[in-house]
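The values are calculated or read from the model by the stated rules, or taken from the named source; none is laboratory data. Nothing here was measured: the structure is a model prediction, and the numbers come from that model. So basically every Cβ, Gly included, is an ideal-geometry build from the backbone, and we count neighbours across all protein chains shown. Quick note on the areas: whole protein, heavy atoms, side chains included, nothing else; ligands and nucleic acids left out. Shrake-Rupley method; radii C 1.70, N 1.55, O 1.52, S 1.80 Å.
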Amino acid sequence: MTPKHIFLSSFVLASGLMLASCSEDLDSPVLPEAPGLAMPEAQPIDAGKLFGVWEGETSYGTNNQNYFEEQYRVEFQSVDDAEAVYSHWYTDAETGIRDSVVDVEYTYEFDGSKVVLTPKTAAADGGAAVITGVHTGGERMLLVTGNAGRTDSICTLVRTGDPEPAITGVDRTMPQPGEVVTVTGRNLQFVDHVYMPVEGGELEITGFTPGSKQISFTLPDADYAQGSIRMRSTSAGVDCYSPAYMFCKNTVFFHNFNTFGAKSPYTGTEFEYTINSMGTLKDHANALASANLPEGHCLYGAADVVSPDSLLSFFGDMPTDLPLATGGDDRKGYFRFSGGDRIQYAIDHSGGLFTDRTPSNQTAIQMDLYVVSDGVPEWKTGYLSWRFNKDGSNTSGDLLANVVGWSAEEPMSFAGGWRTFTIPLSAFEAMNGSGAYSTLGGLASQLKANNRQTIVTFVNYNLGGLPPMQALQSFQFCIANIRLVPYVTPANTPIE
């Protein structure tokens, strides 16, 4: 049980005993509501000082022989960008293990002494609150929230660091030479050198297009190797790295979605399995070779964006209408396979990148997508449901993740061609903590031992926590190069 849960469980238990000792003949006293926080006077602060990292913590002492701290961090980007990332987690003082880590994206307004942080739409839909930061002097900031007319304190933060660049994503992690790669992140205006992993070392990229939120460059010809993109900021004195590895060709576990006429258990194909049974492998999902796309397919004739050799095309060879679903399992198409065998394949072919003891929540499933919605190359409705246990709940569960690559404000655009989509295995509750699924070896063996079939399906259903869906007249969803990759953001390292 986590420290946070121990504290809450102890509180609930004590409350239960207290209620049980009271006579039912006595009315419970009505306690006065605690007054809200008296706000301190806000002190002016220069915008350049707001820009940076602010941190704080509150200690909870001992509970059931467990001491832990609740920790907070806000990283403000420049006033011009007016965005911030609010992070919150618990740390066990004995083990140093973080628990319940949350990173929430905000926009903000700054008046010279106070800053009001408003959660972005996706975070607000998930219940994130508006936060006000009051600068109280001495590079200290009190974070407060409002609730039914009350003002409640979160924590006092102290400015701990100057702005540093950070990479949050890469739009193509298996790009071809000549394609444009776009790296997204924070404070990237400080980056002055970009390096790609190649056999025997790194290749510096020249002529990249700079920006505070993204950097783009055309990939030159080279002998690339799996590894992170490295970006250097000479002014900040640090190197930062991409969270997902590039060029993980060895860990692609579906190169081709064809069974080539093989029968169950599909020996010699990438649908081969060791579990006891398997149902229909594909429904309304066609395996296609990129060289044989039928006329009318969304990629037909688009030679500049057809880079995978083969793909899986939802919902067939041609675009189809996409109505709103009436339930969370109202599937338009799916494909099914042995997830345990595919994870084991990735471990065995990783060249040491993974072992059976690799933490599951430090890896991710990646795939290349190309989506067309009503004739426009973009993904703007529906979610991909990855279920390591197809027989579990269709909307929630510890072996299930329902994920989107778009937001209500911004569709996922494919105007430049195929793009990488990432599902961190930390999105599956079973992969976190110390349970049987917490390592890749455990995940593979448990899925096989428990006869778990994995199903990947597409659903256009209004599910809580996801953006609102819409019906489309014409839709096609293409997947290629499903692979397992390392997925953890290395800390920035000082330049030696």
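Points to keep in mind about this one:
- Projected-area mean, the chain, by convex hull of Cα positions, square nanometres: 28.4 nm²
- Cα gyration tensor shape for the stretch 278-341, rounded if a/c is under 1.5, else prolate or oblate: oblate
- Residue among Gly279, Ser228, Phe477 farthest towards the positive dipole end of the chain, charges placed on Cβ: Gly279
- Average Cα contact separation per residue, the chain, under 8 Å, 6 or more apart, as relative contact order %: 14 percent
- Solution diffusion estimate, µm²/s, Stokes-Einstein, the stretch 444-496, Kirkwood Rh from C-alpha pairs, 37 °C, viscosity 0.692 mPa s: 197 µm²/s
- Share of Cα-Cα pairs in the stretch 312-467 lying beyond 20 Å, as whole percent: 52 percent
- Between Asp329 and Asn250, the modelled label-to-label distance comes to 4.0 nm, taking each label 7 Å out from Cα in the direction of the beta carbon.
- Computed over protein heavy atoms with a 1.4 angstrom probe, the accessible surface ordering of His349, His135, His284, largest first, is His284, His349, His135.
- Förster radius 51 Å - calculated FRET efficiency between His88 and Asp309, Cβ distance, rounded to 0.05: 0.70
- The chain - charge dipole about Cα centre, Lys and Arg +1 at Cβ, Asp and Glu -1, debye rounded to 20: 1100 debye
- Using a Förster distance of 41 Å, the FRET efficiency for Ala47-Thr274 (Cβ separation, nearest 0.05): 0.10
- Stretch gain in nm, segment Ser393-Asp99, where the contour uses 0.36 nm per residue and the Cα spacing is subtracted: 103.3 nm
- Relative frequency of Cα-Cα separations exceeding 18 Å in the stretch 69-181, percent: 60 percent
- Ellipsoid semi-axes in whole angstrom, largest first, where each is sqrt(5λ) of the Cα gyration tensor of the stretch 259-387: 28, 18, 18
- Seen from Arg172, the other residues with C-beta closer than 12 Å to its C-beta sum to a net charge of -2, counting Lys and Arg as +1 and Asp and Glu as -1.
- If a spin label sat at a point 7 angstrom from the Cα of Asp283 along the line to its beta carbon, the backbone N atoms of the stretch 418-459 nearer than 13 Å would be those of 455-459.
- Pairwise inverse Cα distances across the stretch 333-384, averaged and inverted, put the Kirkwood hydrodynamic radius at 14.1 Å.
- In the context of the full set of protein chains, the stretch 330-423 has a per residue accessible area of 35 Å² (1.4 Å probe).
- Whole-angstrom gap from the stretch 322-362 to the stretch 220-265, using each part's C-alpha centre: 17 Å
- Surface listing: Glu409, Glu69 arranged by accessible area from highest to lowest gives Glu409, Glu69, probe 1.4 Å.
- Pairwise label distance in nanometres, Ala148 with Asp125, each label 7 Å out on the Cα-Cβ vector: 2.8 nm
- Rolling a 1.4 Å probe over the heavy atoms of the protein chains gives the stretch 140-230 an accessible area of 43 Å² per residue.
- Computed over neighbours whose Cβ is under 11 Å from that of Tyr106, the net charge equals -4, Lys and Arg +1, Asp and Glu -1.
- Across the stretch 351-496, Cα pairs under 8 Å and at least six residues apart give a relative contact order of 42 percent.
- GluC sites (Glu not before Pro) restricted to the stretch 120-218 and DSSP loop, no more than 13 other C-beta within 10 Å: Glu199
- Each part gets one Cα centre, and for the stretch 388-433 versus the stretch 78-155 those centres are 25 Å apart.
- Excluding the site residues themselves, the longest part of the chain lacking any trypsin sites (Lys or Arg not before Pro) in a DSSP loop with at most 12 other Cβ atoms within 10 Å is 1-262.
- Cut-off under 5 Å, modelled amide H: who pairs with Gly161 long-range: Val53
- Here Lys282 is the anchor, and the lysines within straight C-alpha reach of less than 19 Å, apart from those fewer than 8 places off in the same chain, are Lys263, Lys332, Lys390.
- In a simple Cβ point-charge model (Lys, Arg +1; Asp, Glu -1; nothing else charged), the stretch 293-410 has a dipole of about 420 debye relative to its Cα centre.
- With the whole protein complex present, Cys478 retains an accessible surface near 0 Å², based on a 1.4 Å probe.
- Alpha-carbon gyration tensor eigenvalues x 5, square-rooted, for the stretch 161-259, Å: 26, 14, 13
- Cut-off under 5 Å, modelled amide H: who pairs with Ala285 long-range: Tyr334
- Within the accessible area of the chain (1.4 Å probe), percent carbon and sulfur: 48 percent
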